[in-house]
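The values are calculated or read from the model by the stated rules, or taken from the named source; none is laboratory data. Just so we're clear, the structure is a prediction, and the values are computed from it rather than from any experiment. All Cβ positions, glycine included, derive from the backbone under ideal geometry; neighbour counts span all protein chains shown.
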Amino acid sequence: MSLRWRLVAVLVGFTALVLLVQNVPLASYLRTVELDRIFTSLQRDAFTIAGLSIQVLEGEEGADTAALDKVVDGYGTATSATVVVIDSNGVVVAASDSSVGEDYSNRPEIQEALDGRAVSGERASQTLGEPLVYVAVPVRAGTQVLGAVRLTYPRSEVEAVVNSRVRGLLVAAGITLVAAAVIAILVAAAVTRRIRRLRDAAEDIAEGDLAARAEVSGSDEIAELAESFNTMADRVQHVVESQKGFAGDASHQLRTPLSTLRLRLDRAAELMDGDDPAVDQVDAARDEIDRLQRLVDGLLMLARADGKEHDVVAVDVAAVARDRVESWQPLGGERDVEVLVDAPGIAVAHAVPSAVEQIIDNYVDNALDVVPDGSRILVSVRIEPAGVLIQVDDEGPGLPAEDRERAFDRFWRGRQDGGGSGLGLAVVASLATASGGTVWLDQSPWGGLRACARLPQ
Ligand SMILES: Nc1ncnc2c1ncn2[C@@H]1O[C@H](COP(=O)(O)OP(=O)(O)OP(=O)(O)O)[C@@H](O)[C@H]1O
Ligand SMILES: [Mg+2]
């Protein structure tokens, strides 16, 4: 699970826990309070009806029985309660249902009320078959109990009222949970967005953009991390650039003494007698100097290609290919090797200056090193949607797949006969990358190696 969703899960989970711990006791408390409130209000209504029943129950002359019936019926209709008014013998004198005249004296709550006590509670109904909530109160005139009033409600109705209150609590809890989830998502997004930016900066540096830096905002731990990251990137950039600078400077400084050394050896060779046994040694020394010079040139080229800023220019790759092939033909001709070109009239790509020449020269040079006498080397140029493709095919021994990757590493050489410096392909790769292109090696249909480069159009 990503950090973002983990944060959301923790925040929402915590909120749910708090709501649970808070709302479970609250819901049970709310139930009790609500039931109490209902019983109190029922009792108050029962006492009011009891007050209105006094005259009727006293059996006074002209007592308005019809008025009492109206009140009892009205209450029953308005509230879905069943109201019964009972005289001191337990006989129903007024009721919101059809129980007038029935004898309720054996019902425990009626007995209690006739004994002068107000009672409330729950019991199973004989008639309805579902639990009832009841309130029974005595009707008094002074100390004398004249009868009783009983209100009954189906328990389910009372439950419905209580449940609607508890449901309100649940809805509030649900809204709180949704709000917590939304806030958690926003907070997590804000935190992870900053971490993602830091990761992007790290990836940019890993891909070679040493100037990439993380954005520092705020003053919290993530901002501190971004600052530390930037300090580290500053140091890495400094170290890498000074190393590159050193390689470039050192190569540059070595060129002059090497040229002087070479001149001095040439001069020494001239002064020597042809039979002098030292001639061979001087010749070998001159070869070594040549090798050293190529190495230094390669290092200098690499240092330049790896430099920070590169201006890319438009180049007609087809024209360059024709020109370079023409230059290589005499050298190939010495060994009867045909250097051929297959290119369209024009193929414009974008590359750093001299990159195309260097790429073709290095590929052809490598091929000439390995091909047998009398074979062919083909430089082909093709325009493709992805860029301009340069391919150099030869009829040499080729390279095994695992070596084709490594061949672009600095100083990697397939043959240890002391020929090359192992920098040619590294220079090619650097120049192509600096131009926004790519390089790779493949098996040639001619049996040898196919060295490729693709440059953007
Ligand atoms: N066309 C090819 N066929 C077979 N092997 C090749 C070919 N091109 C390159 N290689 C192998 O890849 C190695 C690296 O080539 P790279 O051009 O980098 O160095 P190099 O040719 O040895 O030296 P230099 O720095 O003088 O070019 C070579 O030593 C060779 O073994
Ligand atoms: Mg080479």
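Structural remarks
- Any hit, the range 361-384, residues being modelled with pLDDT of 90 or more, away from ligand 2 (no atom under 15 Å from the Cβ) and within 28 Å of GLU288 (Cα to Cα): yes
- Evaluation of GLN391 against the conditions (1) in a strand (DSSP E or B); (2) under 19 Å from ARG304 (Cβ atoms) shows that the sole unmet condition is (2).
- Looking only at residues in the range 445-457 that are over 17 Å from VAL348 (Cα atoms) and in contact (Cβ under 8 Å) with a residue 60 or more places away in the chain, the one that is surrounded by the fewest Cβ atoms within 10 Å (Cβ to Cβ) is TRP446.
- Matching option when the condition is in contact with a helix residue (DSSP H, G or I) (Cβ under 7 Å, 6 or more places away or on another chain), surrounded by 17 or more Cβ atoms within 10 Å (Cβ to Cβ), among the hydrophobic types (A, V, I, L, M, F, W, C) and more than 16 Å from ILE390 (Cβ to Cβ), among VAL370, VAL337, VAL352: VAL337
- Count of the range 69-87 residues which are out of contact with any Ser or Thr (no Cβ under 6 Å at 6 or more places or on another chain) and farther than 13 Å from ARG150 by Cα: 8
- Residue that is surrounded by the most Cβ atoms within 10 Å (Cβ to Cβ), among those in the range 40-64 that are in contact (Cβ under 8 Å) with a residue 12 or more places away in the chain and among the acidic types (Asp, Glu): ASP45
- Evaluating ARG406 against the criteria (1) more than 12 Å from ligand 2 (Cβ to nearest atom); (2) among the charged types (D, E, K, R); (3) over 21 Å from ALA303 (Cα atoms) leaves one unmet condition, (3).
- All conditions but one from (1) away from ligand 2 (no atom under 13 Å from the Cβ); (2) assigned to a loop (DSSP other than H, G, I, E, B) apply to GLY422; the one that does not is (1).
- For the range 394-403, the criterion of a residue being modelled with pLDDT of 90 or more, surrounded by 18 or more Cβ atoms within 10 Å (Cβ to Cβ), in a strand (DSSP E or B) and away from ligand 1 (no atom under 11 Å from the Cβ) is satisfied by no position.
- Annotation note: Cβ proximity below 6 Å between a residue of the range 349-375 that is on the phi > 0 side of the Ramachandran plot and a residue that is not polar (S, T, N, Q) (sequence gap 6+ or interchain) occurs for GLY374/ASP336.
- Any hit, the range 201-220, residues being in a helix (DSSP H, G or I), of a type in the set (D, E, K, R) and within 20 Å of the chain's Cα centre (by Cα): yes
- Take the conditions (1) within 13 Å of ligand 1 (Cβ to nearest atom); (2) more than 25 Å from ARG304 (Cβ to Cβ); ARG382 misses just one of them, which is (1).
- When ALA321 is tested against (1) on the phi < 0 side of the Ramachandran plot; (2) in the same structural domain as ALA367 (by TED's automatic domain parsing); (3) free of Cβ contacts under 8 Å to residues at least 60 places away in the same chain, only condition (3) is not met.
- Residue match in the range 123-135 (condition: more than 30 Å from ALA27 (Cα to Cα) and β-branched (Val, Ile, Thr)): yes
- Failed condition for SER53, given (1) among the hydroxyl-bearing types (Ser, Thr, Tyr); (2) in contact with a Leu (Cβ under 7 Å, 6 or more places away or on another chain); (3) at pLDDT below 90: (3)
- For the range 411-428, the criterion of being under 40 Å from the mean Cα position of the chain (by Cα), at pLDDT below 95 and at positive phi is met by none of the residues.
- Residue identified as farther than 26 Å from GLU207 by Cα, among the charged types (D, E, K, R) and part of a helix (DSSP H, G or I) among ASP297, ASP373: ASP297
- The set of residues in the range 253-311 being of a type in the set (A, V, I, L, M), away from ligand 2 (no atom under 16 Å from the Cβ) and modelled with pLDDT under 85 consists of ALA303 alone.
- For the range 430-444, the criterion of a residue being more than 28 Å from ALA314 (Cα to Cα), surrounded by fewer than 19 Cβ atoms within 10 Å (Cβ to Cβ) and free of Cβ contacts under 8 Å to residues at least 60 places away in the same chain is satisfied by at least one position.
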